[in-house]
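Engineer: Just passing along the structure, written as structure tokens.
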Amino acid sequence: MSTDKKIGDVGNIGNANFPVDADGVVYHLGVKKGQLSQRILTVGDYGRAIKLRDHLFDTGKKVVTSEHRGFHIHTGEYKNVPVSIVSIGMGTPMMDFLVREGRYVTEGTMAIVRYGTCGSLRDVPVGTLAIAKECVLIRRNPDHWHADSSNQVKPYDISKAVKGDTEMVEKLTNAFTTEFNGRRQVIQGLNATADSFYSSQGRQDSNFDDHNQELIPSIIQTHPDAATLEMETFQLYHLAERSTVEPIKAAAATIILANRVSNSFLGNDEKAQLELDGGRACLEALISMKL
Ligand code: R1P
Ligand code: URA
């Protein structure tokens, strides 16, 4: 390792199949073994991660922060338990990098909690907290628009559901219920992860022919317990379920930011407070897991 290599720096890669440098630093996350906790709280927004780090990590303890390719990793302690808070940006490919490369640089059972924002398919107040018991994936199928298809191909595919880890989901639900204690509704339901914020979440945009008018009604018809729409949880749940060597215990909570029924959106001040309070609940749930 060169002497001026900092955490987050990645050297020359010698393996095209699973890119790692000579020190064991993974190509996208930019960390190696010992630099990521097996307990991870992951969020989309970079600023949310910094806020949680600054307000919730134990004070007076060492906190290490790294940044590479849009992954910001803050490793410190919460109530004396090592935890990493990781912001990943948006979309399932970013979650895929976190889970796969995170798995490579950690040992033993992992616990991963996602804390994000979402849209709501139910008419509940914005600012309600939702826990994803299970999750489907919505993918736009470009073949629908191809001249050869004559519209015989459906524009959107909806996968079958995968479940979060039963214990992690229960601990997360309990932690949220305790934290919010009647101040906010905490609901459980099915989450739909979409491959875009716009067309694959049924948003109408007259600049494009998205053919998505029927998308939300068809999700609700197939899954009457459908509650939320966001962009990462399916990848987390599916990879956790398919982890072959060591268990990955995954759960996800979201702040309902956009009510798609009433067309309302949460204000910034309320969102900021919910990020902090919900972040605390996520950390409580993570440290309560016996790994
Ligand atoms: C879209 O605005 C983003 O917000 C949601 C979606 O999943 C997507 O990443 O989550 P985050 O607030 O965690 O980014
Ligand atoms: N994030 C999403 O993915 N969708 C929403 O409607 C709000 C936040």
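The values are calculated or read from the model by the stated rules, or taken from the named source; none is laboratory data. Since the model is a prediction, treat every value here as computed from it, not as a measurement. In this analysis, Cβ positions are derived from the backbone assuming ideal geometry, glycine residues included, and neighbour counts consider all displayed protein chains. Keep in mind that these areas ignore ligands, DNA and RNA; they rest on the heavy atoms of the full protein, side chains included. Shrake-Rupley method; radii C 1.70, N 1.55, O 1.52, S 1.80 Å.
Engineer: Keeping to the range 243-256, report how many residues are touching a strand residue (DSSP E or B) at 6+ places or on another chain (Cβ under 9 Å) and surrounded by fewer than 21 Cβ atoms within 10 Å (Cβ to Cβ).
Structural biologist: Residues meeting the conditions: 3.
Engineer: Have a look at 74, 55 and point out the one that is open to solvent by 50 Å² or more (accessible area, probe 1.4 Å) and either in contact with a helix residue (DSSP H, G or I) (Cβ under 7 Å, 6 or more places away or on another chain) or of a type in the set (Val, Ile, Thr) (or both).
Structural biologist: Unique residue meeting the criteria: 55.
Engineer: Among the residues of the range 188-247, which ones are within 15 Å of ligand 1 (Cβ to nearest atom), out of contact with any helix residue (DSSP H, G or I) (no Cβ under 8 Å at 6 or more places or on another chain) and in a loop (DSSP other than H, G, I, E, B)?
Structural biologist: 196, 197, 198, 203
Engineer: Having 1 or more residues that are closer than 26 Å to residue 187 by Cα is the bar; report the strands (runs of 3 or more DSSP E) wholly within the range 37-123 that clear it.
Structural biologist: 39-43, 71-78, 81-87, 110-120
Engineer: Evaluate the following for residue 161: is it among the small types (Gly, Ala, Ser), away from ligand 1 (no atom under 16 Å from the Cβ) and open to solvent by 80 Å² or more (accessible area, probe 1.4 Å)?
Structural biologist: No; evaluated as a whole, the condition is false for this residue.
Engineer: Given the residues 270, 241, which is the only one that is of a type in the set (D, E, K, R) and within 16 Å of ligand 2 (Cβ to nearest atom)?
Structural biologist: Every option except 270 fails the conditions.
Engineer: From the list 27, 46, exactly one residue is within 16 Å of ligand 2 (Cβ to nearest atom) and open to solvent by 60 Å² or more (accessible area, probe 1.4 Å). Which is it?
Structural biologist: The match here is 46.
Engineer: Any idea which residue in the range 200-225 is nearest to residue 119 (Cα to Cα), counting only those that are of a type in the set (D, E, K, R) and within 16 Å of ligand 2 (Cβ to nearest atom)?
Structural biologist: 203
Engineer: List the pairs whose first member sits in the range 102-129 and is open to solvent by 10 Å² or more (accessible area, probe 1.4 Å), whose second member is assigned to a strand (DSSP E or B) and of a type in the set (Lys, Arg), and whose Cβ atoms are under 9 Å apart, counting only residues at least 6 apart or on separate chains?
Structural biologist: 109/249
Engineer: What pairs can you find where one residue is in the range 38-63 and more than 22 Å from residue 289 (Cα to Cα) and touching a residue at least 24 places away in the same chain (Cβ under 8 Å), the other is part of a loop (DSSP other than H, G, I, E, B) and open to solvent by 50 Å² or more (accessible area, probe 1.4 Å), and their Cβ atoms are less than 7 Å apart, with a gap of 6+ or different chains?
Structural biologist: Note: pairs meeting the criteria are 44/90.
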